[in-house]
Amino acid sequence: PKRDWSSDVCSSDLIFSEDNCSNCRMQISTQEFASEIIAQNGDVFKFDDIGCLENFRKVHREVSIAKIFMKDYETKNWIPFEQTTIVQTSAHTPMASGKVAFANGENAKAFVEKFPVKHESKESCCQ
């Protein structure tokens, strides 16, 4: 949907279990991992996983971004990208990126301690 973004840019209405990810096209079913890009022209791109947002940005460099929003893992409120702490974890996210956004940096650090990234060796990965 297109909107007039001439005033302050704010997050869109995301309808969980109805909206699809703009990258992988899967249904967005979990709030805590959602994110979105609002383009300068008013287009809204919604994502089920932070990894999908990152992949979309790599492929669609032509999209002129007005604002990016992430859902805070804890409160499930939209927060501007500039105010987030994004951490790489071993948590199970919709598309397995393990990336989680927090409004509170201390809470992000505690979450990483609870779900540390597990590194696989070459041998364990490919045998």
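Scanning the range 60-77 for residues that are open to solvent by less than 50 Å² (accessible area, probe 1.4 Å) and farther than 15 Å from Asn104 by Cβ yields Val63, Ala66, Ile68, Phe69. Tell me, which residue of the range 33-59 that is among the aromatic types (Phe, Trp, Tyr) and farther than 11 Å from Ala101 by Cα is surrounded by the most Cβ atoms within 10 Å (Cβ to Cβ)? Filtering first and then ranking leaves Phe47.
Within the range 79-89, the set of residues being farther than 10 Å from Phe102 by Cα and buried (at least 19 other Cβ atoms within 10 Å of the Cβ) comprises just one member, Thr89. Is it true that some residue in the range 94-106 is part of a strand (DSSP E or B), within 20 Å of Ser22 (Cα to Cα) and among the β-branched types (Val, Ile, Thr)? Within the range 94-106, one or more residues are part of a strand (DSSP E or B), within 20 Å of Ser22 (Cα to Cα) and among the β-branched types (Val, Ile, Thr).
When you scan the range 51-65, do you find a residue that is more than 23 Å from Arg25 (Cβ to Cβ), among the hydrophobic types (A, V, I, L, M, F, W, C) and part of a strand (DSSP E or B), even just one? Outline the logic, then answer.
Restricting attention to the range 51-65, the residues satisfying the condition of being more than 23 Å from Arg25 (Cβ to Cβ) are none.
Checked the range 51-65: no residue is more than 23 Å from Arg25 (Cβ to Cβ), among the hydrophobic types (A, V, I, L, M, F, W, C) and part of a strand (DSSP E or B).
Listed by first and then second residue, the pairs with beta-carbon distance under 8 Å, at least 6 apart or on different chains, first residue in the range 96-114 and on the phi > 0 side of the Ramachandran plot and open to solvent by 30 Å² or more (accessible area, probe 1.4 Å), second part of a loop (DSSP other than H, G, I, E, B) and acidic (Asp, Glu), are Ala96/Asp49.
The values are calculated or read from the model by the stated rules, or taken from the named source; none is laboratory data. In this text, all values refer to a predicted model and were calculated from it rather than measured experimentally. A quick note on method: Cβ atoms are made from the backbone with ideal geometry, for glycine too, and the neighbour counts reach across all protein chains shown. Each accessible area value is taken on the protein alone, full model and side chains, heavy atoms only, with ligands, DNA and RNA left out. Shrake-Rupley method; radii C 1.70, N 1.55, O 1.52, S 1.80 Å.
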